[in-house]
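Since the structure comes first, as structure tokens, the remarks are kept for the end.
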Amino acid sequence: MTNRTTPGSPARASGRRRWTALAAGLLLTAGTLTGIDAPAVAADGAPVTVTVNARAGLARVPDTALGVNHAIWDANLGTTPTSDLLRAAGVRMLRYPGGSYADIYHWRDHSAPGGYVAPGTDFDTFMAGARRVGAQPMIIANYGTGTAAEAADWVRYANVTKGYGAKYWTIGNENYGNGHYGSAWEADDHADKSATQYARLVVEYADAMKAVDPSIKVGAVLTMPANWPDGLTAGADPGPWNQTVLTLAGPKIDFVDVHWYPGGSAADSLARTAHIPDASWLLRQQIARYAGPNAARIGISFTELNVGAGQNTQPGALFLADAYSGLLENGAFTVQWWNVHNGIGTVSEVAGQTDYGDFGLLSSGGCTADGSVCEPPLNTPFAPYHGLAMMNLFARAGDQFVRAGTDQPLVSAHAVRRADGDLAVLLLNKDPENGYPVTIDYAGFTPSGAAPTVHTLANGATGIASGQSGSATSRTLPPYSLTTLVLHPAGPTQVTPGAPGQPSAGAVADRTATISWPAATRAPGGAPIAKYEVYRQHGAIGEQLGETAGTSLTVGNLDPGRRYTVNVLARDTAGNVSWSSPPLTFVTGTPAESACAVRFTLGTDWGNGYLGTVDVVNTGPSPIDGWTLTWTWPTPWQQVSSGWSGTWSQTGAAVKVTSTDDNRRLAAGGGATSTGFVGAYSGPNVLPTAFRLNGTLCTTR
């Protein structure tokens, strides 16, 4: 969609062009409050159990994790007060020159024809501010109205002439919004606006830019799985945007750049963070399938996020912390909020607080067009700023995310393990009305009996309250709140062996797989490595699959067509256990030979639904007279809307289709039929891979 405003009008949504300059005003510092406990809270909600499994390792926190967008229409882009606030919140990556402006921006003369450019926002000023913040830059090269030569000259100026060492460069911004799929907000002067042309020019840009500085990393724009235009194919492209771009440009890029605006009400946005694991999996699968050899080297960045309601009140803070945590634990190397300053929009009340409809972390200090409502003074931190500051207290560079979960959808939990042996747990109460008593169970970690350090951001608070109170195993979460517990381990810190390296899976069959990993290192002064233990992550509960003295293990008793995430831990002869290896995720197959075979084909896709075809073959020695095919959807947001050539039904996630009089008979040794359905989804569409015909597990082709 297009989100333009005219001079003097309220700014509108994220990532798009904005014409207004940000007003100057008085700086108000609203930082973290220390030594203050959160007030007593009534626990109106039912008790919640939180489980934290320190053995179930996820991704480590990169030094570029916490990011935010800076834009050339923001007159405060390079100011000392703004930079100091970003530094205090832990920002370590800044994106420039700002959303869709990137595709009209020319760095040489600092111009954006058709748009407003604020004074004091040129590239050198941005870099000076980034250095004051202590953040790495992510720069968007102009694809829409620029050239590869212009981008290469920018690299030369930044890294050769000025010595800035700018490492990350993205080619364009939301270029699928150039009209190719019917919606046009992104500038694109190319006659050919296809995904194919974008991919071809990404290659040209990458070659030209890396000829100047081979050390840079170049990114291409993709779309979030299950978000428009994912799944759509337009014009003569060989497939949807992501497939086309990865197939042609994959060998030349170093990372992909994705935006995510879940939309809907505040409750909708907060619930849709549950999509992150499956969306991340699908994105990684697309990269692996289409990007060519060594696709695992390609990183993932999420450079724009925000909510559809409650942008500068507590829903924004809750979503920021939950989404940043979820995306980082699934391997993103940076997550970036839209925006530092954005401007007043539609004013409303959210959970008792005034929401200015402002997508910025910090107040712009402006007023509505009629002057009836004004924001707080310039640079007053909004709730998402405090959410970002909470992330900085929770997840530090080098920490390893570990699995955490709850039995209440309105309460989310994340956890990290720190090099000093501490464990930090982030608890989010997304219920605007009820407090929840939580009990926290730990696996692979024993907290000390001392009161933990507690950081709390309550609804409407002007900062984070910090202190020491309570226990490590129980807490009451205020309504609409963020709470971080920092826990010390019981007893002295042990000398533990190094973690095993990144595991890999080989010989993956329907019920077995061989897991291999690089050996762990013996700790200095520690005992020798005695064995390795392989664990499956089953939610937040770990299940040991086996152990060995070697560096590979064949695990059995697996379920066909299921996604597994496993870790490896090393144990030395003194009984000390290492940190978890990085996670490995793989999907088991189906039998190489069976009495039936199934081919599931995804047809025309329109973004929240598609046409599916299921071909069924009787490969057994006996004819079939009447059949029932069953499968289970991998997610709760997938369903069969209608079907043909069969009688279709769905109960929960379980799908069943039975034969009709016309197709009930399947001859032995190859008799086949075809059935079809209209599928619907409201989240990442992870397709099933295991099917049963009359109870027999089939080979999936």
How far, in nm, would the chain grow between Thr647 and Ser448 when pulled straight, counting 0.36 nm per residue and subtracting the alpha carbon separation? 65.8 nm
FRET efficiency for Leu687 and Ser504, using Cβ-Cβ distance with R0 set to 25 Å, rounded to 0.05: 0.60
Between Thr604 and Thr630, what is the label-point separation in nm under the 7 Å Cα-to-beta-carbon projection? 3.3 nm
Modelling each spin label as a point 7 Å along the Cα-to-Cβ direction, I'd like the Glu150/Asn294 distance in nm, to one decimal. 3.2 nm
Can you tell me the equivalent ellipsoid semi-axes for region 403-487? Use √(5λ) from the Cα gyration tensor, largest first, whole Å. 21, 15, 11
FRET E, pair Ala397, Ala667, Förster distance 56 Å, beta-carbon r, rounded to 0.05: 0.35
For region 596-700 (alpha-carbon point model, no solvent) the Debye-based log₁₀ I(q)/I(0) at q = 0.17, 0.20, 0.21 Å⁻¹ works out to -0.73, -0.99, -1.08
What does the convex hull of the alpha-carbon atoms of the chain project to on average, in nm²? 31.9 nm²
Mind checking which lysines have their Cα closer than 25 Å to the Cα of Lys167? Skip sequence neighbours fewer than 8 apart in that chain. Lys210, Lys217, Lys252
In the P(r) worked out for region 246-288, what percent of Cα pairs fall beyond 13 Å? 64 percent
Return the sequence-ordered ³J(HN,Hα) values of region 69-76 in whole Hz as given by the Karplus equation 6.51 cos²θ - 1.76 cosθ + 1.60 applied to θ = phi - 60°, using x for Gly and Pro. 8, 10, 10, 6, 8, 9, 5, 9
Cα to Cα, under 15 Å, and not fewer than 8 places away if on the same chain: which aspartates and glutamates meet these conditions relative to Lys430? Asp44, Asp268, Asp322, Asp407
Percent antiparallel among DSSP beta bridges (both partners in the chain, rounded to 5): 75 percent
Please list, by residue number, everything in region 405-423 whose backbone N is under 16 Å from a paramagnetic label point 7 Å out along Cα→Cβ of Glu433. 410-411
Length gain on complete extension for the stretch Ala519 to Lys162, per 0.36 nm per residue less the alpha carbon to alpha carbon distance? 124.3 nm
Quick one: which residues, 5+ away or cross-chain, put their amide H under 5 Å from the amide H of Ala530? H built at 1.01 Å from N. Arg571, Asp572, Thr573
Picking from Val616, Ala672, Ala690, whose Cα lies most toward the positive end of the charge dipole for region 596-700 (charges on Cβ: Lys, Arg +1; Asp, Glu -1)? Ala690
Between Asn557 and Ala267, what is the spin-label point distance in nm, taking each point 7 Å from the Cα along the Cα→C-beta axis? 4.2 nm
Counting Lys +1, Arg +1, Asp -1, Glu -1, what net charge surrounds Thr368 among other residues with beta carbon under 12 Å of its beta carbon? -3
Separation between Cα centres of region 587-653 and region 328-365, rounded to whole Å: 43 Å
Taking 0.36 nm per intervening residue step and subtracting the Cα-Cα distance, what contour gain separates Lys531 from Ala574 on full extension? 14.4 nm
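The numbers here are math on the coordinates, done by the rules we state, and not lab data. Because the structure is a prediction, the values reported are computed rather than measured. So basically every Cβ, Gly included, is an ideal-geometry build from the backbone, and we count neighbours across all protein chains shown.
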